[in-house]
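To start, the structure itself, in structure tokens.
The values are calculated or read from the model by the stated rules, or taken from the named source; none is laboratory data. The shown structure was predicted, so the numbers you read here are calculated from the model rather than taken from an experiment. Note that each Cβ is placed from the backbone with ideal geometry, even for glycine, and that neighbours are counted across all protein chains shown. Calculation scope for accessible area: heavy atoms of the full protein, side chains included, ligands and nucleic acids excluded. Shrake-Rupley method; radii C 1.70, N 1.55, O 1.52, S 1.80 Å.
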Amino acid sequence: KVDAGRDYDLYRKRVERLYAYCRQHGFQPDSQNKNPSRLSRLPGVTRGGRVQALLATDVGAESWDAWEEWVAESEDDLPDDVCGDWDEPVRLMPYLIGDTADTCILRQKQKMIVVGDSKMGKSYTLIDLAEAICTGGQWLGMTCTKGRVFYVNLEIDAEEFKDRQRRVWSDRESHGQPGSVADLNRNFVKWNLRGHATMLQDLAPRLMRRMLKHGPAGTFSAVIIDPIYKVNGGDDNDAKAVSMFTNTLDSIVSTCGCAAIYAHHHPKGTAGQKKAMDRMSGSGVYARDADTVLDFTLLSADEKAKKAFSGASLFRASVTCRSFDGREPMNVAFKFPRFYVDASGILAKLDVEGENPYEERRTAAAERAERARERKVDAVRAALREHRNAYGTPPTYESVYELMEDVDGNGREGRKVSLGTFKNWIRQGEKSLGRFSCEHANDGSATGVWVILDLEKGETLDGTYGLSPMED
């Protein structure tokens, strides 16, 4: 009974509600009749040659409101409450990234957020991860469980994305990573949405429909969303909006039976004095929601580390897991197009940028002084060579000074130091000119005749006067 009284508008709304419920459960009601009186049925009355009869009595809800309450309680899609399962076995989800209890950082059907500075290589490492999962290979030294990946590319042009896939795969092959192109073609599904991004709440139904077209829930091991700023509304600080975003991710994980992996960014500036979980931009909901946070933060590299890694960008990848005990951070170098774990231990001694500002300033000052010395040495060396080529006489302070280019005390070009300062460079020797030592040659022909000895090569820079490092 609709229980609408004499309110026709309420009656029509309730009838439409009832029809919708019937259709949802496989019944097809006749919606042609709009006249309320023709929707009534009377037992015992003949209609169209057939006697109308009641199928049952004393069933159903007592009123419309009671029926609505029953629908709300019986039709929710929430899990059942559970009691008395203490003795039942624990069935944890299988590992996805890492293949043992000591190495795993992410299980199937969990969520991981990958965080780092803009343009630092997040997309490359996510493509690398996708290829590792698709082929059962390794990523950052961790073995991945083989499965299918649905990659939502929101930022990169479709052809460039394909180029990145191939570059990463070629580099994986050159380093002996297992797997076949056949596995990659079969398991790597990409959805290029640059220019078509929208809020994740609006995108999710279409995303889930596409994923489920490939097979039932569990067909894909992971969905990768790169990056999330394209689909989260743009306000990382709105905790309510971020919660809506993360709840939508939960819906995707639950419906498609896969892990969700997504990329986020750091705010501007250095973040070394913050905990790894707090370094990402915006609301703390991101960090609290994810099962795993993988944060890439630049290292404050000294000259030794820079030379050891051929100038590659150096990072500390900090791992924070909800399901696993503390994981040691990984020190990695980005050697285009992939990240590689440092096996030498050199990077373990370094701080992340901003973690130790006093040491960073001291190191930066020392590096500036070294660069200044190198520029001064280059200027003196060039003047000596020009003197050798132009004259046949031993060099003097004055003659070399005249030929030297304009270089100041900090090695900067444009302003030339005085003759007195130039003489001090030579007299101070290694203190002023770094790795070069200055020796005076007292042959009586002139005051202050000198040559510079290269201590690394053990030879005179001018090479014309027959002096060796052993002579006075």
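Suppose R0 equals 22 Å; then what is the FRET efficiency for LYS349 and SER174 from their Cβ-Cβ distance, rounded to the nearest 0.05?
Approximately 0.15, to the nearest 0.05.
Could the peptides 220-227, 183-190 be put in order, highest first, of the mean number of other beta-carbon atoms found within 10 Å of their residues?
220-227, 183-190
Is the shape of the range 101-232 rounded, prolate or oblate, going by the alpha carbon gyration tensor and its root eigenvalues a ≥ b ≥ c, with a/c under 1.5 for rounded and a/b larger than b/c for prolate?
It comes out rounded by the Cα gyration axes.
Let me have the relative contact order for the range 134-186, percent, based on Cα pairs under 8 Å that are six or more residues apart.
48 percent
Under the rule of at least 5 residues apart or a separate chain, name every residue whose amide H is placed under 5 Å from the amide H of LYS190.
TYR151
What residues qualify as long-range amide H neighbours of SER313, i.e. H under 5 Å apart, gap of 5 or more or another chain, H built at 1.01 Å from N?
Under 5 Å from the amide H of SER313 lie the amide H atoms of PHE334, each far enough along the sequence or on another chain.
Need the full-extension length gain, ALA366 to VAL2, defined as separation in residues times 0.36 nm minus the C-alpha distance. One decimal, nm.
Length difference between fully extended and current span is 122.5 nm.
With a point put 7 Å past each Cα toward its Cβ, work out how far ARG210 is from LEU419 in nm, to one decimal.
Each label point is offset 7 Å from its Cα along the Cβ direction, giving 7.6 nm.
What distance in nm lies between label points placed 7 Å from Cα along the C-beta direction at ALA53 and SER254?
4.5 nm
Going down the list LYS109/LYS190; LYS162/LYS240; LYS307/LYS376; LYS230/LYS307, which pairs span over 31 Å between their C-alpha atoms?
Beyond 31 Å between Cα atoms: LYS162/LYS240; LYS230/LYS307.
Only Cα pairs under 8 Å and at least 6 apart count here; give the relative contact order of the range 209-271 as a rounded whole percent.
Reported as a whole number, the value is 48 percent.
Just the number please: accessible area per residue for the chain, 1.4 Å probe, all protein chains included, in Å².
With the other protein chains kept in place, the chain gives 56 Å² per residue.
Apply the Karplus curve 6.51 cos²θ - 1.76 cosθ + 1.60, θ = phi - 60°, to the phi angles in the range 43-53 and return the couplings in whole Hz, x for Gly and Pro.
x, x, 8, 8, 9, x, x, 10, 7, 6, 9
Could you estimate the translational diffusion coefficient of the chain from the Stokes-Einstein equation, with Rh from the Kirkwood formula over C-alpha pairs, at 10 °C and 1.306 mPa s, in whole µm²/s?
Rounded to a whole number, D works out at 55 µm²/s.
How much mean residue ellipticity at 222 nm does the chain get from its helices, if each DSSP H run of length 4 or more adds -39500 (n - 2.57) and you divide by all residues, to the nearest 500 deg cm²/dmol?
-11000 deg cm²/dmol
How high is the FRET efficiency from ASN389 to ASP99, r the C-beta distance, R0 51 Å, rounded to 0.05?
That gives a FRET efficiency of 0.20.
For ASP102, tell me the accessible area in Å² from a 1.4 Å probe, rounded to the nearest 10.
Using a 1.4 Å probe on the heavy atoms, I get roughly 130 Å².
If R0 is 35 Å, what FRET efficiency do you get for GLN201 and ASP85 from their C-beta distance, rounded to 0.05?
According to the calculation, E is roughly 0.55.
How much length is gained on full extension from ARG12 to THR46, taking 0.36 nm per residue of separation minus their Cα-Cα distance?
The ARG12-THR46 span can extend by a further 9.6 nm.
Ordered by residue, what ³J(HN,Hα) values in Hz, to whole numbers, does the range 257-267 give under the Karplus form 6.51 cos²θ - 1.76 cosθ + 1.60, where θ = phi - 60° and Gly and Pro are x?
Result, rounded to whole Hz: x, 9, 7, 10, 10, 9, 9, 9, 10, 7, x.
Given points 7 Å out from each Cα along the Cα-Cβ axis, report the VAL181 to TYR21 separation in nanometres with one decimal.
Between VAL181 and TYR21, the label points sit 5.9 nm apart.
Would you pull out the residues with amide H under 5 Å of ARG338's amide H, same chain only if 5 or more places away, H placed 1.01 Å from N?
none
For the range 58-73, in order, what is each residue's ³J(HN,Hα) by Karplus, 6.51 cos²θ - 1.76 cosθ + 1.60 with θ = phi - 60°, in whole Hz (x at glycine and Pro)?
6, 10, x, 7, 6, 8, 4, 4, 5, 5, 4, 5, 5, 4, 4, 7
Using the Cα centre as the reference, give the magnitude of the dipole from point charges on the C-beta atoms of the chain (Lys, Arg: +1; Asp, Glu: -1; all else neutral), rounded to the nearest 20 debye.
Using only the charged Cβ atoms, the result is roughly 1620 debye.
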